[in-house]
Amino acid sequence: MVDTAGVITQANDAALRLLPGAVPGAALADSAPAWLSHAHAATTPLPDAALPDAALPDGALPDGALPGGVRGSIGAATFEARPVRDGDVIAWWLADTTELDRATQALHLERERTSFLDKASSELLSSLNLDRCLEVTARLAARHLADAALVILPPYRRRHPIAYCGPDGVVVREELAVDPEAVPGLAEALQGYPPQPSRWIDPAAAPAWLARDGLDEIGSMVVTALPGHGVPAGALVLLRGSGQACFSDGEEVFARLFAARAGAAVSAARLYAEQADITETLMRELLPPRVRSLHGVEVAARYRPSEHTARVGGDFYDLHPPTEPGQESLVVLGDVAGKGLEAAVLTGKIRHTLQALLPMAGDHQRVLELLNGVLVKGGDRSRFVTLVLASIQRAGNRVLLRVTSAGHAPPLVVRGDGRVDVASTKGTLIGMLERVTSVTDTVVLEPGETCLLYTDGITEAMGGPLGDEMFGDERLQEELRQCGGMPPEAITERVEMLSSQWVGGGDHDDMAVIAITAPRGAHLSAVGGHGRGRFTA
């Protein structure tokens, strides 16, 4: 208790143990910390005895101070002092808040770390791009966990992908042939299982590729595993300069929590990259071939899968040039039951089977029988295919075609005068019956005339003004009557454009169309008189 003159009038035993000099009769300014005496002077209205500056000194802790109270330190402890006026005497009650402050600070730090982990998870999982995931992991670790960080992935073709981020925040990507055994704990961290605790590394013994030049001197270095989804995701190496404190237990746990989230993101991105690579490799075999002329016969094709995100479907075509001079070329157009990836898988099986049957391509019936046997033996009679085989041979400026339909719409022949003929071919579809039959028709194309092969995705496209009408065979033939003399590229593009406009934004089946055109005798000049013209006369 202190009077208006700043003299201590009374102190209990606890106060004397804390401030041995605070005996009755002693001046508060001589026996208590400056922050307490300044607070008393600011609280007591003493015109003559008041201190000239009532502001809190540097030792006081104004943050969070209660009205009428003040906080400051005495030794290593922190106290909160609250005044209570009793006449001309002020009683100062001092409460030790050291543990409360530590708990508050720990709670604040934990909230900051939780917020960071949430933001880091969102940023890491915002993309399945592996390169971006590595860069984000390295940058976040260097910014929030250490002065610099390295993310090291398991080897790919004997080289480890590495992302390094230094104090400048710049991420450097490398692929290095390094020995993980040379770094304690790194080989175990890259294995991913069983889980390994963080390992401390002696910076003096670290290899040069690990101890980068971004830091003047490395004071501490720790290796933490990046746990993945059942597969090793990699390792995280954290580096601090010599001027920084070593990693505390709490910081090490925090680093492992971050590593768990980063490992999950890296593992997901890596798995996605591997799956995408596998899918791309397999898909490459299913994509329609690049269209090219077949020994002077002009060929063009268009393909549109039923699903916007798909690249292949149930419709397909193949072009097989002759293996020896004088032989026929073979064009195949097919439509597998169904659509999407399952239909594409069966499409691949059929295309490979037909590739193996090319030596027998001169006998369409035999090819269809053998293909039918392969599909029927598969056991699933619901998976069938319709086909059109077209054997092509050029005879001067004319083209001789042998076309055979197997449950498929017969080809249409666009004559030079605009007439449209329907090829006289028919047959049973492939993959359902034990025996198949077919009728082969011979078509002769004069210069500039075209034979069009198409799938039912063209004619059965639902749409129109009310959205419930099929495009139909008659409408297709009517449009082709306006295409007499057009090059094959223009015809296929027009057919696909018309059918696509007919369905609008509605659902549709796979669409495939291929045009075979007899060459013309002379080419018109190109624009400017240079080269061969696009159109022939």
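The values are calculated or read from the model by the stated rules, or taken from the named source; none is laboratory data. No experiment lies behind these values; they were computed from the predicted model shown. Every residue, glycine as well, gets a Cβ built from its backbone with ideal geometry; the counts of neighbours run over all protein chains shown. SASA here: full protein model, heavy atoms, side chains in, ligands and nucleic acids out. Shrake-Rupley method; radii C 1.70, N 1.55, O 1.52, S 1.80 Å.
Has region 137-154 got at least one residue that is out of contact with any helix residue (DSSP H, G or I) (no Cβ under 9 Å at 6 or more places or on another chain), at pLDDT 90 or above, within 25 Å of Glu274 (Cα to Cα) and assigned to a strand (DSSP E or B)?
Taking every residue of region 137-154 in turn, none turns out to be out of contact with any helix residue (DSSP H, G or I) (no Cβ under 9 Å at 6 or more places or on another chain), at pLDDT 90 or above, within 25 Å of Glu274 (Cα to Cα) and assigned to a strand (DSSP E or B).
Name the residues in region 113-131 that are surrounded by fewer than 15 Cβ atoms within 10 Å (Cβ to Cβ) and either closer than 22 Å to Glu274 by Cβ or not charged (D, E, K, R) (or both), would you?
Hits for region 113-131 are Thr114, Ser115, Ser122, Ser126, Ser127, Asn129, Asp131.
Considering (1) surrounded by fewer than 19 Cβ atoms within 10 Å (Cβ to Cβ); (2) small (Gly, Ala, Ser); (3) in contact (Cβ under 8 Å) with a residue 12 or more places away in the chain; (4) more than 26 Å from Lys119 (Cα to Cα), say which one Gly185 fails and leave the rest.
It is condition (1) that Gly185 fails.
Inside region 441-537, counting only strands (runs of 3 or more DSSP E) that do not spill past its ends, which hold 1 or more residues that are at pLDDT below 90?
Because the criterion is at least 1 residues that are at pLDDT below 90, the strands (runs of 3 or more DSSP E) in region 441-537 that meet it are 511-517, 523-525, 532-536.
Just the residues that are part of a helix (DSSP H, G or I) and buried (at least 16 other Cβ atoms within 10 Å of the Cβ), please, taken from region 30-42.
Across region 30-42, the qualifying residues are Ser31, Trp35, Leu36, Ser37, His38, Ala39, His40, Ala41, Ala42.
Please determine, by comparing only the residues of region 324-349 that are open to solvent by less than 10 Å² (accessible area, probe 1.4 Å) and among the polar types (S, T, N, Q), which one is nearest to Leu452 (Cα to Cα).
Of everything passing the filter in region 324-349, Ser329 is nearest to Leu452 (Cα to Cα).
Quick check on this structure: which one of Pro24, Pro45, Pro20 is within 18 Å of Ile90 (Cα to Cα), open to solvent by 70 Å² or more (accessible area, probe 1.4 Å), modelled with pLDDT of 50 or more and out of contact with any strand residue (DSSP E or B) (no Cβ under 7 Å at 6 or more places or on another chain)?
Exactly one residue qualifies, and that residue is Pro45.
Please determine, by comparing only the residues of region 89-106 that are open to solvent by 90 Å² or more (accessible area, probe 1.4 Å) and hydrophobic (A, V, I, L, M, F, W, C), which one is nearest to Asn12 (Cα to Cα).
Trp93
If I ask for residues that are over 16 Å from Ser405 (Cβ atoms) and of a type in the set (Gly, Ala, Ser), which ones from region 326-360 would you list?
Hits for region 326-360 are Gly326, Ser329, Ala337, Gly338, Gly340, Ala343, Ala344, Gly348, Ala356.
Count, please, the residues in region 149-169 that happen to be in contact with a strand residue (DSSP E or B) (Cβ under 9 Å, 6 or more places away or on another chain) and within 19 Å of Ala262 (Cα to Cα).
14
Just the residues that are more than 15 Å from Glu328 (Cα to Cα), surrounded by 17 or more Cβ atoms within 10 Å (Cβ to Cβ) and either modelled with pLDDT of 95 or more or of a type outside the set (A, V, I, L, M) (or both), please, taken from region 350-364.
Within region 350-364, just Arg351 meets the criteria.
Kindly indicate which of Arg394, Arg419 is farther than 19 Å from Gly338 by Cα, open to solvent by 60 Å² or more (accessible area, probe 1.4 Å), touching a residue at least 60 places away in the same chain (Cβ under 8 Å) and in contact with a strand residue (DSSP E or B) (Cβ under 6 Å, 6 or more places away or on another chain).
Arg394
Considering every residue within region 388-407, establish whether at least one is hydrophobic (A, V, I, L, M, F, W, C) and under 20 Å from Leu498 (Cβ atoms).
no
For a quick check of your reading of the model, give me the residue pairs whose first member lies in region 155-172 and is closer than 19 Å to Glu188 by Cα and at pLDDT below 90, whose second is open to solvent by 10 Å² or more (accessible area, probe 1.4 Å) and among the hydrophobic types (A, V, I, L, M, F, W, C), with beta-carbon atoms closer than 7 Å and at least 6 apart or on different chains.
Cβ pairs passing all conditions: Arg158/Ala177.
Before we move on, is Gly407 under 24 Å from Gly314 (Cα atoms), open to solvent by 50 Å² or more (accessible area, probe 1.4 Å) and within 47 Å of the chain's Cα centre (by Cα)?
Here the answer is no, as Gly407 does not meet what is asked.
Of (1) more than 25 Å from Leu176 (Cα to Cα); (2) of a type in the set (Asp, Glu); (3) surrounded by 13 or more Cβ atoms within 10 Å (Cβ to Cβ), Glu110 satisfies all except one. Which?
The one condition Glu110 does not meet is (3).
May I ask you to list pairs of residues, at least six apart or on different chains, whose Cβ atoms are under 6 Å apart, with the first in region 24-46 being over 12 Å from Ala5 (Cα atoms) and the second being of a type in the set (Gly, Ala, Ser) and in a strand (DSSP E or B)?
Partner pairs satisfying both residue conditions: Pro33/Gly72; Trp35/Ala60; Trp35/Gly72; Leu36/Ala81.
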